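One structure is given here, and the rest of the page talks about it.
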Ligand code: C2E
Ligand code: CA
Ligand code: CA
């Protein structure tokens, strides 16, 4: 931007020249007087050019360019005025004051009005009433302070001269200047997005110098009546304006083309500076026994009042903000119900209140919420939750607390409610939830399960909640039952199992089986999926379905998942040593939604890979469809894992929801066709498995067919284009030692004779 630099330099030179020449003339008049006005005239032209350039910079947003267009127009008027003033002054033998020329007065007034218009036209950011009020107060403070200075240094002198014309002119100029101060300060003080912060500061400096400098004529007048401070101040003002214009161009021209960034208020100090300045004036006037002491004292008092008022409104707003923060810390943002924290403190209160009385906790969980969320979208899901929250609130007494624990889980503290009263409340809730909720044009039937824990004063809140949770799950699992009270016998499948599982993880009661993933082509082992088992001391070997849900509910899934990863990684490393190239190329590990949501999960996987010296490509993490889409930490973990080279597989593909959206949005490498599609009877319709392999091929994903139980299924999958499969037909999940034997034997896992295609080679 060579032209920019040249304009800026020319403007700077004219300002410098003006100051130097002025000083030289102050010492001793030299050269023709017209020369003193030359920088001002030249500066006017440069100013118009500089502003116009910014107004025409296409990278700037329209609102910004419009602002600078207005400034350009203002500069034209002010330039004409200033030149006409120079002509006026030069023409007069005995110049008495500057405000003589009517042209100057009119054009400058027009110029200032245009600037104010430009400032008011600029779109402001949305602000609270309090904030806007403070901006006006601050602007008023600045204006009043400026008025006091105008009064003391300019208007008062004109009044004392008693010249009517001078008085009116002075008043006129003062009012315009004050309006300008108000406009600038209002704008500068409010947050807005369209003008570069630095440019605004420079403009404010320019306006300030322009308004204040002419007031200090007195000292120069005494030296030489032909010397006016405007001679140097105007080019200086211009220079700041040209600098501001240049600044605006570079600020928005480069990195963030035309996208203004919101700025924060940075001028809040200004009103205090104004008050300090007026206080300074007050001290000075009192000291020198100035005759306008009363005016200055009065203004200082009013100013102080304005600033105090401003502070008061700021305090009020702040305390409102604090209250809001307080509210949001204890309430759920979506439903505005108390959250888990407030629920706990209310329950605690109820349980510790004086006297011995019953307290019931009812946990309500929606049955098909995930489905609504997945099929109709989160917005509809949110509306449903809000609807449910309202219904539940309508069912309880004022002293009861309805809270949302998260997701689709709600809880009610029923204070002073025995089991019969709790039943009544649960009944009311069930009935209230029976009517479908209307959300976004959808009629959503609600089914919920309720678990009730009946407690008494002195019980532990966490125990009650756990019992309600167990009862709720029991109700959910019992077909046709919507509501159950907790009974200790339920604990065997819930609570106690949690405690036992904790022990099991720490005491090696878990073990892993590995199910080979084989090539459909020749039956060689491509990889293996790790499947967890629990050697329960009393109940025998438990399948994951018997304890994974408990682990997920209790949070034990995180240490469990860690154990599975560590154990299986160690196994893969051992196979590497034992079998070299014949070791399974990939290890599939199941990951639960809870694991994936854990911040730092990806890093943990990385650490384990490093610990066992495994290439990230050797590990495939299996996730289920519904959990992958959860925004936030899950997706971050997924992206990090993939960046590390770990592959991600969609388990049970086809059974979840919004599969296509997921494939589109979620970073994955593999899909595992759910066994329901592998095993579906072959009829005339093209099988889902065919569609899925096409999809996988089109998206460049690896596909594994799960649950292959027969040779027919294997054959059909191969003919459809599947390469890899898993299932009892090839091998059941087996202990690692058994898989090791298979690997050593390099045996094909194809049960019957080799498939037709490979027969000729035999
Ligand atoms: P999954 O990931 O779909 O695992 C495949 C399940 O299908 C295994 O059941 C496996 O034994 C079974 N299977 C394999 N081939 C056949 C077949 O040909 N026919 C039939 N009918 N079933 C077959 P398993 O081991 O009981 O695992 C059940 C589920 O538990 C797994 O489903 C997985 O979601 C979960 N799971 C297993 N291990 C872990 C683990 O370490 N962590 C986590 N988070 N979940 C696990
Ligand atoms: Ca799996
Ligand atoms: Ca599966």
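Across the range 340-492, the relative contact order, built from alpha-carbon pairs under 8 Å that are at least six residues apart, equals 31 percent.
Put a dot 7 Å past the Cα of residue 291, heading toward its Cβ, do the same for residue 319, and the two dots end up 4.8 nm apart. Could you tell me which of rounded, prolate or oblate describes the range 340-492, using a ≥ b ≥ c as the square roots of the eigenvalues of the alpha-carbon gyration tensor, with rounded for a/c under 1.5 and, failing that, prolate when a/b is larger than b/c and oblate otherwise? Prolate, since a/c reaches 1.5 and a/b exceeds b/c. Report, in degrees rounded to the nearest 10, the 0 to 90 angle that the Cα long axis of helix 688-699 makes with the longest principal axis of the chain. Its long axis makes an angle of about 40 degrees. Taking other Cβ atoms within 10 Å as a rough exposure proxy, 84, 319, 676, 185 sort from fewest to most as 319, 676, 84, 185.
Comparing Cα centroids, the range 271-340 and the range 1-76 end up 38 angstrom apart. Normalised by the number of residues in the chain, the mean separation of alpha-carbon contacts (under 8 Å, six or more apart) gives a relative contact order of 8 percent.
Could you state the number of Å between the C-alpha centres of the range 350-387 and the range 413-472? For the range 413-472 versus the range 350-387, the Cα centre distance is 8 Å.
What share of the DSSP beta bridges in the chain is antiparallel, in percent to the nearest 5?
Numbers: 41 of 66 bridges.
Expressed as a percentage, antiparallel bridges in the chain total about 60.
Express in whole angstrom the spacing between the alpha-carbon centres of the range 684-736 and the range 553-604. Measuring centre to centre over Cα atoms gives 24 Å. Note on 545, 674: ascending count of other Cβ atoms within 10 Å places them as 545, 674, the fewest first. Panel values: the range 572-617, Kirkwood radius from alpha carbon pairs, Stokes-Einstein at 20 °C and 1.002 mPa s, translational diffusion coefficient 179 µm²/s. The sum of -39500 (n - 2.57) across all DSSP H runs of n ≥ 4, divided by the residue count of the chain, sets its helix-only mean residue ellipticity at 222 nm to -19500 deg cm²/dmol. Which of the three applies to the range 498-745, rounded, prolate or oblate, going by the alpha-carbon gyration tensor with a ≥ b ≥ c and a/c under 1.5 meaning rounded? Verdict is rounded for the range 498-745. Dividing the C-alpha radius of gyration of the chain by 2.2 N^0.38 Å, with N its residue count, gives 1.47.
Tilt of helix 340-352 relative to the longest C-alpha principal axis of the chain, in degrees (0 to 90, nearest 10)? For 340-352 against the chain, the angle is about 70 degrees. The slack in the chain from residue 643 to residue 308, taken as 0.36 nm per residue of separation less the alpha-carbon distance, amounts to 115.0 nm.
Ordering 54, 107, 655 by the number of other Cβ atoms within 10 Å of each residue's own Cβ, fewest first, gives 655, 107, 54. Protection proxy ranking, highest mean first, for peptides 136-143, 201-208: 136-143, 201-208, where packing is the per-residue count of other beta-carbon atoms within 10 Å, averaged.
Compute the helix-to-body angle for 2-27: its Cα long axis versus the longest principal axis of the chain, expressed 0 to 90° and rounded to tens. On a 0 to 90 degree scale, this one is about 30.
Laboratory data are not the source of any read-out in this text; all were calculated from the coordinates shown. Just so it is clear, the model here is predicted, and its values are computed rather than measured. Cβ atoms come from the backbone with ideal geometry, glycine included; neighbour counts cover every protein chain shown.
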